[in-house]
Amino acid sequence: MNFDLPFIPERSAKPRENGLTMMMDKGLSIREAEDFISSSGQITDIVKLGFGTSHITNDLKEKIKLYREANLRVYFGGTLFEAFVARSMFKDYCKILDEYELDTAEVSDGSIEISHEQKCKYIKDLNKRVTVLSEVGSKDANKLIPPYKWIELMQKEIEAGSWKVIAEAREGGNVGIYRGTGEVRSDLIEEILTKIPQENILWEAPQKSQQVWFIKLMGANVNLGNIAPNEVIPLECLRLGLRGDTFFDNLPNHLIKKVR
């Protein structure tokens, strides 16, 4: 913080288990990654190299090294994992993780169909070598998963060794835990939270309205992901009550009465 300002919610300290911000890198150049680290690295925890972009990104090893030297977890998007699995190349995927010295991986099944037993086996196998995040939910907007099933899948993946379970929304924020309009499926989320502790879930929330909804429900230290590089600082301002949407959330009543 550049100066003192009272009534700012306390943020968890890095390296943190809760209050995570995951930035989605969809193909930043080395220079753009350097600029991102300079401006926002201190308030970012995780960088996801979105979907299959790592397959065609220039200077990939150099970029991964930059992020890791900035104490950011970095991992390949789950779609790349699925691309290897769909080709019966899981062992090759593990070799790629070693080649690029990654200590984090994502297991997902948003595009392909595999048994949940097999998915949990992938989680267990990868958990022996890296930290695993697993994603629950489908990228198919027509495939609706009932709340009890979300809970069951999340519980089993946590038991299999997932550090965090990611609630699917895609980069557009219009499937999974959201309706096609981007509106939050509030009943679904509130039911999930009756069984799964919030610190175990990373909610994909690319849209500002979605970020505001989660912060108002769970506070400044909610785990949020799929954040665009230029939206990380604006998100942190939402967390701290330094944007209009959350401005009054942490002010005491006697001050609110003075200015309203």
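Quick notes on this structure:
- Top-ranked residue of region 110-142 - restricted to ones that are in a helix (DSSP H, G or I) and among the aliphatic types (A, V, I, L, M), ranked as surrounded by the most Cβ atoms within 10 Å (Cβ to Cβ): Leu126
- Identity of the residue in region 16-46, in a strand (DSSP E or B) and within 17 Å of Gln211 (Cα to Cα), that ends up nearest to the chain's Cα centre (by Cα): Met22
- Residue match in region 45-65 (condition: over 19 Å from Leu97 (Cβ atoms), touching a residue at least 12 places away in the same chain (Cβ under 8 Å), of a type in the set (Gly, Ala, Ser) and out of contact with any Cys (no Cβ under 7 Å at 6 or more places or on another chain)): no
- Put simply, of Glu117, Glu62 the only residue that is over 25 Å from Ala160 (Cβ atoms) and either within 16 Å of the chain's Cα centre (by Cα) or not aliphatic (A, V, I, L, M) (or both) is Glu62.
- Selection of region 30-59 for residues being among the acidic types (Asp, Glu) and closer than 26 Å to Ala167 by Cα yields only Asp45.
- Residue count for region 135-186 satisfying the condition of being polar (S, T, N, Q), out of contact with any Phe, Trp or Tyr (no Cβ under 9 Å at 6 or more places or on another chain) and farther than 26 Å from Gly27 by Cβ: 4.
- Yes/no for Ile189 being within 13 Å of the chain's Cα centre (by Cα) and within 27 Å of Lys26 (Cβ to Cβ): no
- Residue in region 27-43 that is basic (Lys, Arg) and closer than 30 Å to Thr246 by Cα present: no
- Region 59-78, residues that are out of contact with any strand residue (DSSP E or B) (no Cβ under 6 Å at 6 or more places or on another chain) and either modelled with pLDDT under 95 or not in a helix (DSSP H, G or I) (or both): Asp59, Ala70, Asn71
- Ile256 fulfils the conditions (1) under 16 Å from the mean Cα position of the chain (by Cα); (2) among the β-branched types (Val, Ile, Thr); (3) more than 28 Å from Cys120 (Cβ to Cβ) except for a single criterion, (1).
- Residue match in region 165-182 (condition: modelled with pLDDT of 95 or more, crowded, with 16+ Cβ neighbours inside 10 Å and under 26 Å from Glu34 (Cα atoms)): no
- Residues of region 86-109 satisfying the condition of being closer than 24 Å to Asn200 by Cβ and assigned to a helix (DSSP H, G or I): Leu97
- For the criterion of being of a type in the set (Phe, Trp, Tyr) and more than 20 Å from Glu113 (Cα to Cα), Tyr67 passes.
- Candidates Ile37, Ile30, Ile46, Ile56, filtered to the one that is more than 23 Å from Asp249 (Cα to Cα), modelled with pLDDT of 95 or more and exposed (fewer than 12 other Cβ atoms within 10 Å of the Cβ): Ile56
The values are calculated or read from the model by the stated rules, or taken from the named source; none is laboratory data. Quick caveat: nothing in here was measured; it's all calculated off a predicted structure. Cβ coordinates were reconstructed from backbone atoms using ideal geometry, including for glycine residues, and neighbour counts include every protein chain displayed.
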